[in-house]
Amino acid sequence: MKNSQITAVIIVNLLTFFISMSYEMVFTVLPFFLVNTIGASMVVIGLIEGGYDLITNFVKIFSGYWSDFFSKRKILIISIIFSIFSRFYFIFGKKWDDMLIAVSSEAISEGIQVPVSDTVLSSGKKEKLGKIFGINRTIEGVGSFLGILIAFFYTLYFLDSVPYQTYFYFSIIPLAFALITIFFLKEKKKVRTYPIPIVSWELFFPKYMALFFILSFANFGYSFYILKIYGDTLSETETIGIYIIFSVITAVASYISGRFYDRLGEKRFLEITTVLFFISHMLMINFPVAGFIIFAFADAFLEIGTWATIGKKVKFRKGFVFGTYHFTVGFSSLMAGLLAGYLWDSTGAESPFIMGTLASFIAFFIIKRYF
């Protein structure tokens, strides 16, 4: 890569680090806050989880589209502003619908930021995209680990004396560093343009879109996995401690999976991903801690498998295509989250993971038959 591309990738990695840290500082304790303080039902949690994914991925279509033409730095600044706004809603909100607004604002922030970052990362060499995305997801994992670690110490030492909403103030600090980082991103003098007749169904590689849509039903939001473990431990601190282990494994698995992707090729890599999802959800039913650990590998592999594959195949209008894929995954995540919440409330905590087992089995069959 050229020096300018390397610098841009480094800036995106730093930005990812700070944003993921702030995100996990809030969202690690959010399920406990919703259940124990707000009194939200599992259907509401499913709505919040799925709604987050739907909003963020819907926004990604437009942010991805405009990032192909306009200033990436300005778009990223807007994303951080939305994230900071969400923190103040977390701090001052009193009801579950206030939390829905806060989560929606954070979703908009992510929806604006991610396609721009993915577009910058995909500007590298095609044969090394797995490694590039793997390193980025590893750095994201490190930021997440630190955010979860902060949440862990908060629940261990300060939960009784410091209210959740006072704690949320501290999550603004990493966002301030992220905002400063964006100003070091240099803009190209000329923005590349494209001919008008560019939109066709083939542009989006429909069989891949269908596959990742189905796999969303095996990846329906961390809150369900966390609360399943919490139901066994009945301790916020122990549950977050397990989540810390999960975040470390995810970071390591992201780097490893990037290497595997470049060596194995997309079909074998995606087959391994679906098998990991199948095993993790089978274990979540009776052995949730073991299932959650395997799920860390599955989640990391899916991240690399999705975005490295799309980054390698798309020749132009990458931001738009990335955004459309994010929306597709987000829409299916909303459906999966609502269905998982309904199944949990109506038939038991094991039901969502049975759904995930079936979804991963169907995805494996599709890869074997059509890829």
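No value in this document is a laboratory result; all are computed from the given coordinates. Because the structure is a prediction, the values reported are computed rather than measured. Because the Cβ atoms are built from the backbone with ideal geometry, glycine has one as well, and the counts that use them run over all protein chains shown.
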| query | Could you give me the ³J(HN,Hα) list for the stretch 70-84, computed from phi with Karplus coefficients 6.51, -1.76, 1.60 and θ = phi - 60°, whole Hz, x at Gly and Pro? | reply | 10, 4, 5, 5, 5, 4, 5, 4, 4, 4, 5, 4, 4, 5, 5
| said: Relative contact order for the chain: what percent, with Cα pairs under 8 Å and sequence separation of 6 or more? | reply: 32
| query | In sequence order, what are the phi-derived ³J(HN,Hα) couplings for the stretch 341-349 according to the Karplus relation 6.51 cos²θ - 1.76 cosθ + 1.60 with θ = phi - 60°, rounded to whole Hz, with x for glycine and proline? | reply | x, 5, 5, 4, 5, 8, 10, x, 5
| task | Could you work out the local net charge near Gly221, counting Lys and Arg as +1, Asp and Glu as -1, over the other residues with Cβ closer than 13 Å to its Cβ? | result | -2
| message | If you average the C-alpha positions of the stretch 132-158 and of the stretch 90-119 separately, how far apart do those two centres end up, in angstrom? | response | 18
| remark: Note to self, the chain gives a 222 nm [θ] from helices alone (DSSP H runs n ≥ 4, -39500 (n - 2.57) apiece, / all residues, nearest 500) of -26500 deg cm²/dmol
| note | Semi-axes (Å, rounded, descending) of the ellipsoid equivalent to the stretch 1-150 per its C-alpha gyration tensor are 30, 17, 13
| field | Between the stretch 243-306 and the stretch 329-348, the alpha-carbon center distance in angstrom | value | 21
